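The values are calculated or read from the model by the stated rules, or taken from the named source; none is laboratory data. This is a predicted model, so every value here is computed, not measured. Counting neighbours? That spans all protein chains shown, and the Cβs are built from the backbone with ideal geometry, glycine included.
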Amino acid sequence: MVPAYAADPIATGAIRWDAWYSRTDNSVYAQNSLSSAKYLRRAPSHCDITPNVQVICEGSQAVLDAEIRAAVRGGLDYWAFCWYAEGSSFRMAWNLYQASTHRDLIKWCGIVSLDLLGSLPFKSGKWKPRIEE
């Protein structure tokens, strides 16, 4: 008898935290935190390191498309995107994923923090437009 868990494939995913696509708002702080010699090897491959040891990351559609292909080659089934408000530099990767002609290669899910939905007991009504988004 085959155990029940062996009959169903396990979905393998990775949580994305995308501070590596823009040099604006809070992404600057995240990129600056890598600007120490002991952390430079942790910078994403598309980032540049200036002569004065500053990590500069500007993502693009080509970078995101390459990440999709690499994730699939690595065996990932989905990405879990941390959810940020429209206009946040942290949301740029999500927007590029949505625009990608390769997005059907990897599924996605969202990680939505409760503060985006409004305070308990959700009387504020903020959750309705946020869930639709």
Practice problem: Would you point out the residue of the range 36-68, among those that are polar (S, T, N, Q) and out of contact with any helix residue (DSSP H, G or I) (no Cβ under 6 Å at 6 or more places or on another chain), that is surrounded by the fewest Cβ atoms within 10 Å (Cβ to Cβ)? | Solution: 52
Practice problem: Restricting attention to the range 69-90, report how many residues are under 22 Å from residue 26 (Cβ atoms) and either among the aliphatic types (A, V, I, L, M) or touching a helix residue (DSSP H, G or I) at 6+ places or on another chain (Cβ under 6 Å) (or both). | Solution: 5
Exercise. Kindly indicate the residue of the range 1-35 that is of a type in the set (A, V, I, L, M) and at pLDDT below 85 and also surrounded by the fewest Cβ atoms within 10 Å (Cβ to Cβ) among those meeting that condition.
Key: 1
